[in-house]
Every structure is written in structure tokens, then in C-alpha cells.
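Colleague: The structure's right below; bear with me while I get my questions together.
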Amino acid sequence: MLIVTKKFIFSVGEVWFDENSEKLSNVDVVHYRQLLHPIKGGQSDEFYTRLINLTKSQDELWECISSNDRYKIRRAEQKDHIIYEYWEKIDSDTLNNFSDFYDSFASQKGLTKINRIQLKNRADAGVIDISRVKLNDESLVWHVYYRTKNRVRLLHSASLKKNDDTSYQSILGRANRYHHWQDIVRFKNLGLSIYDFGGWYTGNTDREKLGINQFKEKFGGEVIKNFNCVYGITLKGKLYLRLLNIYMRLSQLSLLRKPYFFSHTPTHSKVEAPASSEVEFSIPEAQRE
């Protein structure tokens with residue numbers, strides 16, 4: 001499925017994971033996300049992520065997790081009594097509950113608030129999966145995924161930090177590990193073959209991102225290289241690419257903010273074709289506890 005978005009004067013589509021694209025005549029430019037190979041004639045950037053092979057048995061997946069993290073997962077379920085729940089059919093209440101929680105998380109972390117229009121459009125297209133863990137009716141961690149027939153990709157993960165409560169932070173860390181494990185088992189049981197953590201930091205200077213890498217690594221899997229590509233179809237699409245290149249060069253110099261026509265503001269028009277979403281990924285500090 002292709003979700004068509006309107007960005008200023010441009011009609012923009014997105015395609016994920018090498019899905020076949022059809023009926024692209026109604027868009028000016030296409031964002032191809034996490035392809036195996038770059039697209040000739042388009043603008044391509046490397047994107048690294050960590051994948052877990054869900055075709056393994058549940059026992060094999062469990063053994064891939066470090067022994068210390070398996071202990072924390074068991075403790076979250078058996079002693080902390082963390083509750084796991086999920087939504088495959090997303091209603092407005094679920095979207096609003098997640099969005100309110102995420103905005104509080106974003107405020108703590110200094111991140112941009114969730115794009116609610118975009119999220120609703122994706123949910124209406126049937127490509128969004130949401131799960132949550134909670135304790136005594138208090139939300140601890142939310143996960144939002146982009147899901148296709150064979151692959152599921154983590155888009156957002158959010159939790160709220162209580163700076164003065166070390167006990168809460170410990171519970172939060174165990175709950176998030178339990179959360180990921182429950183998601184992995186559920187997606188495996190649904191017949192999906194790939195669990196995508198949604199990114200991998202290839203640098204060596206950012207301690208927070210390195211800590212996130214360590215968290216992901218404890219679940220096993222392998223790091224692979226994909227490509228994010230942008231391809232202009234029409235003359236307007238080629239203009240979009242030129243403007244995008246200018247923006248990227250200037251943004252590296254911190255000279256401007258993201259302009260409106262590069263923001264993802266989905267319209268309600270949809271075309272049956274490949275899936276669509278945006279590369280966004282935020283992770284709570286709980287993953288490193």
C-alpha cells in the first residue's frame with residue numbers, strides 16, 4: 001500500500017522493504033525505505049539496523065538473549081507482574097493515549113512531539129501495530145511498529161523517567177525487556193519472519209546511542225545494511241530532490257529548521273500499492289537499565 005502525502009506543492013509516496021511498487025503515476029517523488037540495494041538514478045543513503053530471524057524456534061530465540069536479560073524478563077512477568085497488551089486494530093482512543101504519552105516522553109528528552117495526523121493516516125492504512133506494558137494501570141512503555149506481511153519494524157519506543165526513583169527505573173528496565181520479548185513472540189506466532197529494531201548506531205562517540213546498541217545486541221540477531229532512497233518521478237519530483245539536497249547541506253551547517261514541505265503531513269488520499277511510513281525512532285533510557 002502506498003500512502004500519498006502532500007508536502008507543499010509535492011505529492012510524495014513511500015515504499016518499504018523492497019515491496020513491489022505500482023501505480024506511482026500520481027506522485028512526484030517516492031521515498032524508498034530500507035531497501036537491499038540503492039536505486040539507480042535516485043539519491044541513496046546507507047541505513048544500518050539490527051534484525052532478528054523470527055523463523056527460529058521460540059526456544060532458539062530465547063537462548064539468543066543473554067542470561068542476565070532472560071532473568072530480568074522472567075522477573076518482570078513473575079515478580080513485578082507486568083501486564084502486556086497490544087492493539088492490531090487501532091482506534092482513536094489508542095492513538096490519543098499513545099500520543100499523549102509520547103509527547104510527555106518527548107518533552108523529557110527534548111524531542112519533537114508525535115505527528116498525530118501522520119500516525120492516524122498510517123493506522124487507517126493498516127500498517128501500524130501498537131503494544132504497551134503497564135503496572136497497576138500505569139503505562140510503563142509503549143511500542144509502535146510499522147508492520148508488513150513478513151517484517152515488523154520498530155518506529156517509536158517511549159517511557160517516562162522518574163529521576164529520583166531508582167526502584168522505578170529498575171522496574172522500567174525489566175519491563176521494557178519483557179515488552180520486547182512479548183512483541184517478538186507475538187510477531188513470530190503471527191507468521192512474520194523478521195523483527196527489525198529500527199536502526200543501529202555505527203559511530204563510536206555517542207555514549208547514549210552505544211548504550212542502545214548494547215541493549216539491542218543482548219537479544220541476538222545481526223546488523224545489516226539497507227538503503228534509504230529518494231527518486232524523483234516528475235519534473236516537480238526532481239525539483240523536490242534539488243531542494244532536499246540544499247536543505248541537507250544547510251542543515252548540516254545548522255542554518256535552518258526543517259521546512260514545511262519536507263515534513264510528513266499525510267493527506268487522506270490513499271492508493272493501493274506498497275506500504276508507507278517515516279523513518280523515526282526514539283528509545284527510552286529504560287532500555288539501558
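Colleague: Considering the chain as a Gaussian network with a 10 Å cut-off on Cα pairs, which listed residue, S167, S159, S66, attains the greatest mean-square fluctuation?
Modeller: Of S167, S159, S66, the most mobile in the Gaussian network model is S167.
Colleague: Then there is this: How much area per residue is accessible in the chain when the probe is 1.4 Å and only protein heavy atoms are counted (Å²)?
Modeller: 49 Å²
Colleague: Longer than 28 Å from Cα to Cα, which of K79/K109; K89/K218; K7/K134; K188/K216; K89/K236; K89/K188 are they? Say none if no pair is.
Modeller: The pairs that break the limit, which is 28 Å between Cα atoms, are K79/K109; K89/K218; K7/K134; K89/K236.
Colleague: Explain nothing, just the number: dipole magnitude of region 44-186 about its Cα centre with +1 on each Lys and Arg Cβ and -1 on each Asp and Glu Cβ, in debye rounded to the nearest 20.
Modeller: Value, rounded to 20: 220 debye.
Colleague: Among N163, H81, F197, which residue has its Cα positioned farthest towards the positive end of the charge dipole of the chain, with +1 placed on the Cβ of Lys and Arg, -1 on the Cβ of Asp and Glu, and the dipole taken about the Cα centre?
Modeller: F197
Colleague: Same structure again: Can you tell me which of 104-114, 9-19 comes out highest on packing, and rank the rest after it, using the mean Cβ neighbours within 10 Å?
Modeller: My ranking of the peptides, most packed first, is 9-19, 104-114.
Colleague: Compute, for region 1-77, the length of the dipole vector about the Cα centre, with Cβ point charges of +1 (Lys, Arg) and -1 (Asp, Glu) only. Units Debye, rounded to 20.
Modeller: 260 debye
Colleague: So for the pair D206, N96, with labels modelled 7 Å out along Cα→Cβ, what separation do we get in nm?
Modeller: 3.4 nm
Colleague: OK, next. Would you work out if region 80-193 is rounded, prolate or oblate? Take a ≥ b ≥ c from the square roots of the eigenvalues of the alpha-carbon gyration tensor; rounded if a/c is under 1.5, else prolate when a/b is larger than b/c, oblate otherwise.
Modeller: Taking the square roots of the gyration eigenvalues as a ≥ b ≥ c, region 80-193 is oblate.
Colleague: Here's another thing I want to ask about it. Give me the percent of the accessible area of the chain that comes from carbon and sulfur atoms, probe 1.4 Å, all protein chains in place.
Modeller: 48 percent
Colleague: Treat every Asp and Glu Cβ in region 138-202 as -1 and every Lys and Arg Cβ as +1, leave all other atoms uncharged, and give the resulting dipole magnitude about the Cα centre to the nearest 20 debye.
Modeller: Using only the charged Cβ atoms, the result is roughly 360 debye.
Colleague: Can you give the FRET efficiency to the nearest 0.05 for V223 and E138, using r as the Cβ-Cβ distance and R₀ = 30 Å?
Modeller: After rounding to 0.05, the efficiency reads 0.30.
Colleague: Hey, another quick one. Run the helix sum for the chain: -39,500 (n - 2.57) per DSSP H stretch of 4+ residues, divided by residue count, reported at 222 nm to the nearest 500 deg cm²/dmol.
Modeller: Helix-only estimate at 222 nm: -11000 deg cm²/dmol.
Colleague: Another question, if that's okay. Between (i) 137; (ii) 147; (iii) 162, which entry matches volume of the Cα convex hull per residue in Å³ as derived from the coordinates of this structure?
Modeller: The value computed from this structure is option (i).
Colleague: How far, in nm, would the chain grow between R249 and R186 when pulled straight, counting 0.36 nm per residue and subtracting the alpha carbon separation?
Modeller: 18.5 nm
The values are calculated or read from the model by the stated rules, or taken from the named source; none is laboratory data. Here the structure is a predicted model, which is why all the values come from computation and not from measurement. Cβ: placed from backbone, ideal geometry, glycine included. Neighbour counts: every protein chain shown. Surface areas here come from the heavy atoms of the whole protein model, side chains and all, with no ligands, DNA or RNA. Shrake-Rupley method; radii C 1.70, N 1.55, O 1.52, S 1.80 Å.
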